[in-house]
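What follows is calculated from the coordinates using simple rules that are stated; it is not laboratory data. This one's a predicted model, so the numbers in the text were calculated from it and none came from an experiment. Here the Cβ is made from the backbone with ideal geometry for all residues, glycine too, and neighbour counts use every protein chain on show.
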Amino acid sequence: MSAPVSAPTATRVSLLAPVTGVLVPIEQVPDPVFAGKMVGEGISIDPLENILVAPCDGEVVHLHPSLHALTIRSPEGLEVLTHIGLDTVRMRGEGFEVKVKVGDQVKAGDELIVFDLDMVATQAKSLLTQMVIANTADMLSGLEPETGFVTAGQSVAAVAILSAPAAAEEGKAPRQPGKKVTSDAIIIPNPVGLHARPASVLSNLAAQYESDVTLHRGEDQANAKSVMAIMGMEVRFRDKVRLSAYGADADEAIKDLAEQLRVGLGEEGAVPIEEGADEDAEHAAPAPVAAVAPAPRRRSDDPNVLLGVSASPGLGVGTVLQIRHQDIEVEENSNDRHRERRKLNDAIDRSLVQLTALEDRLASQSDAEKAAIFAAHREILRDPELLDLANSGIDKGKTAGYAWRSAYTNYADKLAALKNELLAGRAIDVRDVGSRVLEEITGQRREKALIPAGSILIAEDLTPSDTASLDPSAVAGFCTTAGGASSHVAILARALDIPAVAGIEPRALDIPEGTRVILDGAKGTLRQNVTEDEVERIRQRQERQAQRRAIELEHADEPATTTDGHHVEIVANIGSLDDAQAAMTKGAEGVGLLRSEFVFMDRRSAPTEDEQAQIYTDIAKALKPGQPLVIRTLDVGGDKPLPYLPIAPEENPFLGQRGIRVGLDRPEILRTQIRAILRAADAGAKINVMFPMISTIEDFRLAKAIFEEERNAMGVLPMPVGIMCEVPSTAVMAHQFAAEVDFFSVGTNDLTQYTLAMDRGHPKLAPQVDALNPAVLGLIAECVRGAHAAGRWVGVCGGAASDIQAVPLLVGIGVDELSVSVPAIPSVKALIRSLSLERCQELAAQALGADSAEAVRALVPLDND
Ligand code: PEP
Ligand code: MG
């Protein structure tokens, strides 16, 4: 028989006021998370002094990276969170001086954080400072708050009444219920370990949890929310690691993250490995991917030939221009920490805006690979370890510039020293984004070299930013002594269609400027002392191409009419007034797609109606009177976020809040834009309004009703209202849509991804995401049939319209208008003038019956000369 259990008496723990001020009931705090006690039971104080002290004895178990919140674990196991102000996280540590560190033992009343009252008052949402029991559910049966004025470290602010089991365990080891959780051992299944991509997946997943998450391998450990800290650990295939988490959601974090890590963080080729299974498997490791094996530097026996690796195919003939980077000068010491922190934060914010704009622009130009590079740069700027390193430099009296430069070069050097070439290759990205911020801090810009036409650039390394800003018409090619075929620079070179060689022999740096060379991007070679014959042959071929382009440009204003008299309207895809003006010089017959999202990007708040009206009017005036100007309403959301238009993270952003769905969800944004468009109605061009991402007729009706309401209110005459056809449902139902819409414009970029269920930006699927897949062509034909039956016109404004192999097929299918990238206008027009409609129709019929995109492309071979 067991002994009767006596009910333990409840234990009361007095908690002292963490700041001096007036007590406020937690329910009255203007923050739903605190007021709703989602963090736990607690009190709030309206502070009158600027020192936060320990409310009880205990250990500092957590300090928020933004230095405004700190948790102490009392001997009874209470986790007492003190949180200065509301929304103070935005201050990123500026104005806070922390006197303790995690792991310190403190006594009630000890100083913890000194903060700048004025700064919090002006920069945060509120000064109200909270003291909350983070493990309320596990520890408390009640909390008795005091009222009135309290003095920090002297007055009791609240009494915590421990729940019976918690009280019963008092005196034993401190309870940490569900707080610090460690996973079982996990064997890394990723064939090349935790390189940049899986490291970034892990850090992003970890960032979704409030808890601190740490990755452990033996003695080594890294903050799992920091890509660079993870990469710095150089975790290899089959390494045994563990994850630990500390915080309110530690259980969920470990459950989720450990499983994700076990299955390879979504990386192809990663097969989960159970602990103990096949201990010899090291020997059976999958072959490392080609890019990872450090490419042995090739050396040539021929003094005139320098060897490297192919980074981007193509032949370039030109003269050498050596590119050397100059250093930006920074002062070392400063006596104003606050000013330096502000400088750093502002510079990072400005850089983030620049990177988002760059990324958005590239993404909407379907340059997913380039866009992803700048997305990775943004991630680097959010890396908590890097920011901590820079902030601690500032705390030691260094200037923002000095502290930032030391932090990122330190990180880049660590990465560069790693054995794994993939990880080492990311050092250039850290340096690149680091210099971007340094330029913002100092206001000094790295001078961009003036590049004479026909230059072959030689450098130790070129940053992605350097490469993205190169003028392809001046650069005949480039080579770097660093990097490999998988480097970002190589990816960018391919995107820009510039021949490039990476990892070239270092003696390339000694070739005198002005030397004539031939760069063979495909073979990965650079030849000096070239013969006239060699140069001549290449020149002739390049000349033939240039001549053809010149002739096309000469005839650019002629209509695109086939040899048998069928006219196809050739208009431009634009994003700005500059584009509109350029389009007019290239023979555009109007604008088939104004991607109005560019008007919304690269800014901190939405453009006003007046600002938008001005832009649309200027663009309408840049066109010839009466030419069509199709303005697509804002197409953002999901993959194209705007900083001032928060959209909750979605699992499948391409299938979520995108395009018109955002407009219908935030009708004020749509209405403002529609009013601005209507105000440009009399500017000259014939304005058409087009809604993006229409997938159901209901969405169109709702958007059209909003348009008509605004139009009637403004008394503007009717204008054509059409839709993008970029979702299969719209193509299939074109017949029904045609009864209500005035026109269709096929967005082949999205139509292809939604038809083939392949992300348009997926690097691995890229070769298959081909608009010439017969399934996509079939949907375009369906759209044309439905539209023409009701007398509506159909355009194509996706990338396929500028694809020389696609043009005859689209014409044959019956598309009435092609809206193409500005540089492609003259060649698309010239091509159509060389075709007969009859031949195009034959080709289209064959293409629709073909069984693959490859077979379709074989029907329209490219002229390679
Ligand atoms: C398309 O999807 O083809 C299109 C033109 O729209 P965007 O590329 O801007 O998504
Ligand atoms: Mg689209």
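Here are the numbers for this structure:
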| item | result |
| --- | --- |
| DSSP beta bridges in the chain [antiparallel fraction, %, rounded to 5] | 65 |
| Burial ranking of peptide ranges 664-674, 205-215 (average Cβ count within 10 Å, highest at the top) | 205-215, 664-674 |
| For segment 117-157 and segment 532-557, distance of Cα centres in Å | 75 |
| Highest to lowest packing among 827-836, 711-720, 470-479, 589-598, scored as the average C-beta count within 10 Å | 589-598, 470-479, 827-836, 711-720 |
| Estimated distance in nm for a label pair at Arg382 and His788, the labels positioned 7 Å out from Cα along Cα-to-Cβ | 4.8 |
| Relative contact order %, the chain, counting alpha carbon pairs below 8 Å whose residues are six or more apart | 8 |
| Degrees separating the helix 196-207 axis from the principal Cα axis of the chain, which is the longest one | 50 |
| For segment 8-169: rounded, prolate or oblate by the Cα gyration tensor [a/c cutoff 1.5] | prolate |
| Amide H partners (placed H, <5 Å) of Lys686, local residues excluded | Gly626, Gln627, Leu629 |
| Gain on full stretching of the segment that runs from Asp564 to Lys255 - 0.36 nm per residue minus C-alpha separation | 104.5 nm |
| Angle in degrees between helix 400-416 and the longest Cα principal axis of the chain, rounded to the nearest 10 | 70 |
| Shape metrics for segment 712-788, restricted to C-alpha atoms - Rg then Dmax, Å | 15.0, 51 |
| Relative pair counts by distance (%), Cα atoms of the chain, 10 Å bins | 2, 11, 17, 20, 20, 15, 9, 4, 2, 0, 0 |
| Cβ-based charge dipole, the chain, positive-most Cα from Val535, Ala412, Ala347 | Val535 |
| Overall form of segment 179-280 per C-alpha gyration tensor (a/c, 1.5; a/b vs b/c) | prolate |
| Per-residue HN-Hα couplings for segment 583-598 [Karplus 6.51, -1.76, 1.60; θ = phi - 60°; Hz; x = Gly/Pro] | 4, 5, 7, 10, x, 5, 9, x, 10, x, 7, 9, 6, 5, 4, 5 |
| Rounded to 10°, Cα long-axis angle of helix 774-789 versus longest principal axis of the chain | 70 |
| Calculated FRET value between Ala207 and Lys101, using beta carbons and R₀ = 25 Å, to 0.05 | 0.65 |
| Residues whose placed amide H lies under 5 Å from that of Ala158, excluding near-sequence neighbours | Leu15, Glu146 |
| Cross-link pairs Lys99/Lys125; Lys99/Lys225; Lys240/Lys398; Lys107/Lys396; Lys621/Lys704; Lys101/Lys180 - those with Cα-Cα distance over 28 Å | Lys240/Lys398 |
| Packing-based order for 695-707, 526-538, 725-737, using average beta carbon neighbours within 10 Å, highest first | 725-737, 695-707, 526-538 |
